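Below is one structure, written out as structure tokens; the observations come after it.
The values are calculated or read from the model by the stated rules, or taken from the named source; none is laboratory data. Small disclaimer: the values here were computed from a predicted structure and weren't measured. Positions of Cβ are backbone-derived with ideal geometry, glycine not excepted, and every protein chain shown enters the neighbour counts. Accessible surface areas use protein heavy atoms only, side chains included; no ligands, DNA or RNA. Shrake-Rupley method; radii C 1.70, N 1.55, O 1.52, S 1.80 Å.
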Amino acid sequence: MTREIRAGVSPGEVRTALVEDGRPVEFWVERPARPDGVGDLLRARVAAIAPAMAGAFCALPEGATGFLPESEAGAAKTPIARQMNEGMAIAVRVTRAAQGGKGPRLTARLTPEEAAFAAAAEPGAP
């Protein structure tokens with residue numbers, strides 16, 4: 001088996017691929033000027049509960065709004081309206097970057113260490 005890492009660079013973007021036996025196995029795109037925030041731990045405020053969408057919209061630092069699906073909010077098979085209230089402050093992690101005019105996707109399923117780290121951050125800080 002042969003393995004190669006191939007990279008292509010253009011202004012504002014670096015594309016990297018892992019190729020095994022001539023076939024791409026993994027692919028990454030980095031845009032240093034536009035970080036996507038995936039993996040960031042943030043303190044958010046529940047802006048609106050959306051039971052029809054099975055989730056909640058959360059206000060993030062710097063004015064962004066993210067979506068927290070009911071399945072990522074906590075206890076399984078519990079309606080989101082029973083898990084949280086509008087105005088509630090919560091610690092979240094970004095699981096998918098904003099795309100197509102929609103905000104980032106969030107999860108509130110954090111390890112105890114991640115939750116403590118997010119809670120200790122200054123207000124408004126990522």
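Numbers for the structure displayed
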| quantity | calculated |
| --- | --- |
| Filter result for residue 115 (part of a strand (DSSP E or B) and open to solvent by less than 60 Å² (accessible area, probe 1.4 Å)) | no |
| Considering residues of the stretch 88-113 that are of a type in the set (Gly, Ala, Ser) and in contact with a helix residue (DSSP H, G or I) (Cβ under 7 Å, 6 or more places away or on another chain) only, the residue farthest from residue 54 (Cα to Cα) | 91 |
| Qualifying positions in the stretch 88-98 - over 12 Å from the mean Cα position of the chain (by Cα) and open to solvent by 40 Å² or more (accessible area, probe 1.4 Å) | 88, 89 |
| Selection status of residue 101, surrounded by fewer than 13 Cβ atoms within 10 Å (Cβ to Cβ) and either of a type in the set (Lys, Arg) or touching a Lys or Arg at 6+ places or on another chain (Cβ under 7 Å) (or both) | no |
| Residue count, the stretch 35-55 (criterion: at negative phi and out of contact with any Asp or Glu (no Cβ under 8 Å at 6 or more places or on another chain)) | 12 |
| Test: residue in the stretch 62-72 that is within 18 Å of residue 36 (Cα to Cα) and either over 19 Å from the mean Cα position of the chain (by Cα) or among the β-branched types (Val, Ile, Thr) (or both) | yes |
| Neighbours by Cβ (under 8 Å, 6+ apart or cross-chain): first from the stretch 67-95, under 24 Å from residue 120 (Cα atoms); second open to solvent by less than 40 Å² (accessible area, probe 1.4 Å) and among the hydroxyl-bearing types (Ser, Thr, Tyr) | 68/107; 72/107; 92/107; 93/107; 95/107 |
| Residue check, residue 6 within 25 Å of residue 118 (Cα to Cα) and touching a Ser or Thr at 6+ places or on another chain (Cβ under 8 Å) | no |
| Any strands (runs of 3 or more DSSP E) falling wholly within the stretch 1-60 and containing at least 1 residues that are loosely packed, with under 10 Cβ neighbours inside 10 Å | 3-10, 23-30 |
| Unique match (being under 19 Å from residue 99 (Cβ atoms) and of a type outside the set (Phe, Trp, Tyr)) among 62, 70 | 62 |
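Listed here are the residues, each with its yes/no results for (1) modelled with pLDDT of 90 or more; (2) hydrophobic (A, V, I, L, M, F, W, C).
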{"site": "24", "(1), (2)": "no, no"}
{"site": "37", "(1), (2)": "no, no"}
{"site": "45", "(1), (2)": "yes, no"}
{"site": "50", "(1), (2)": "yes, yes"}
{"site": "53", "(1), (2)": "yes, yes"}
{"site": "86", "(1), (2)": "yes, no"}
{"site": "92", "(1), (2)": "yes, yes"}
{"site": "99", "(1), (2)": "no, no"}
